[in-house]
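Novice: I'd like to ask some things about the structure below.
Bear in mind that the values in this text are calculations on the coordinates, not laboratory data. Worth saying up front: this structure is predicted, and the values here are computed from it rather than measured. Backbone-built Cβ (ideal geometry, glycine too); neighbour counts: all protein chains shown.
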């Protein structure tokens, strides 16, 4: 299989961490792609009309995109315990955590665009504040609801990779004042799947002002 990937995408990393946790990483060739809403990548657009990664080209040539879809496909290819549980009592909490992680990453990316990537004259501070409030609210929610499952699932993977991107871009320093979330995050980051899939890219640090009084910095172009 071929995974079209970006080394600084939380969604692409989610898929690759999932593949490592499922024992499938050695069956996937990773192809790095640079994608951006303002810079067209024709190779990616040929596979995904949204022009985004991750994109998985399966052994039979089937093309899948969107991280949740790809992870569900991969979960049928291994013989271990399912990372997307089938039992409702485990399935829906895991899917809810995945949804929270998706929203966290979406809000963080939107904050970065509004603070750093959009031309300065076109930035709207109230919109930036709104995105940052979502990021902070999610981190507060996770402090109260972070799981303590012994068995890793899709919700754990999605949360860890979204939080790692928030830390990587320095959107919000979520660990101080949140001991439960911080301890869980540090434990998960020590897993081989996370160590094998680091985020990387060029960095440019810029401050993010927020009416919450917290310190935020967006980094990485």
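Novice: Say we join alpha carbon atoms closer than 10 Å with springs in a Gaussian network model of the chain; which of 127, 64, 142 then has the biggest fluctuation?
Specialist: 127
Novice: From the helices alone, meaning DSSP H stretches of at least four residues, give me the mean residue ellipticity at 222 nm for the chain, per-run term -39500 (n - 2.57), in deg cm²/dmol to the nearest 500. Kindly include the intermediate steps, with their values, before the conclusion.
Specialist: Values: 8 runs with 100 residues, N = 221.
Helix-only estimate at 222 nm: -14000 deg cm²/dmol.
Novice: Please give the FRET efficiency for residue 196 paired with residue 31, using the beta carbon to beta carbon distance and R0 = 22 Å, rounded to the nearest 0.05.
Specialist: It comes out at approximately 0.85.
Novice: Taking 0.36 nm per residue of sequence separation and subtracting the Cα-Cα distance, how much length would be gained by fully extending the chain between residue 187 and residue 99, in nm to one decimal?
Specialist: That pair, residue 187 and residue 99, stretches by 29.5 nm at full extension.
Novice: Give the value in nm², to one decimal: projected area of the alpha carbon convex hull of segment 16-122, averaged over all directions.
Specialist: If you wrap the Cα atoms of segment 16-122 in a convex hull and average its projections, you get 8.3 nm².
Novice: Normalised by the residues of the chain, what does the relative contact order come to in percent, with Cα pairs under 8 Å and at least six apart?
Specialist: 22
Novice: What does the convex hull of the Cα atoms of segment 76-128 come to per residue, in Å³, rounded to a whole number?
Specialist: 99
Novice: Give the dimensionless ratio obtained when the Cα radius of gyration of the chain is divided by 2.2 N^0.38 Å.
Specialist: Working: Rg = 17.3 Å, N = 221, 2.2 N^0.38 = 17.1 Å.
Normalised Cα radius of gyration, the chain: 1.01.
Novice: What is the fewest-to-most order of 65, 45, 200 by other Cβ atoms lying within 10 Å of their Cβ?
Specialist: 200, 45, 65
Novice: Could you give the semi-axes, largest first, of the ellipsoid that matches segment 123-177, computed as the square roots of 5 times the alpha carbon gyration tensor eigenvalues and rounded to whole Å?
Specialist: Calculated on Cα positions only, the semi-axes equal 24, 12, 10 Å.
Novice: Quick one: length gained pulling residue 46 to residue 60 fully straight, 0.36 nm per residue minus the C-alpha distance?
Specialist: 3.3 nm is the gain from fully extending residue 46 to residue 60.
Novice: Continuing with this model, one more query. Using DSSP, restrict attention to beta bridges with both residues in the chain and report what percent are antiparallel, rounded to the nearest 5. Could the numbers behind the result be given before it?
Specialist: Values: 10 of 14 bridges.
Beta bridges within the chain, antiparallel portion: roughly 70 percent.
Novice: While we're looking at this one, here's another question. With the contact rule set at Cα under 8 Å and sequence spacing of 6 or more, what percent relative contact order holds for segment 88-218?
Specialist: Values: 131 pairs, mean separation 39.1, N = 131.
Averaging sequence separation for qualifying contacts and normalising by length gives 30 percent for segment 88-218.
Novice: Over segment 2-74, what is the mean sequence separation of C-alpha contacts under 8 Å (at least six apart), divided by residue count, expressed as relative contact order in percent?
Specialist: 37
Novice: If you average over every viewing direction, what projected area does the convex hull of the Cα atoms of segment 88-218 give, in nm²? It would help to have the intermediate numbers written out before the result.
Specialist: Values: hull surface 33.2 nm².
Mean shadow area of the hull around the Cα atoms is 8.3 nm².
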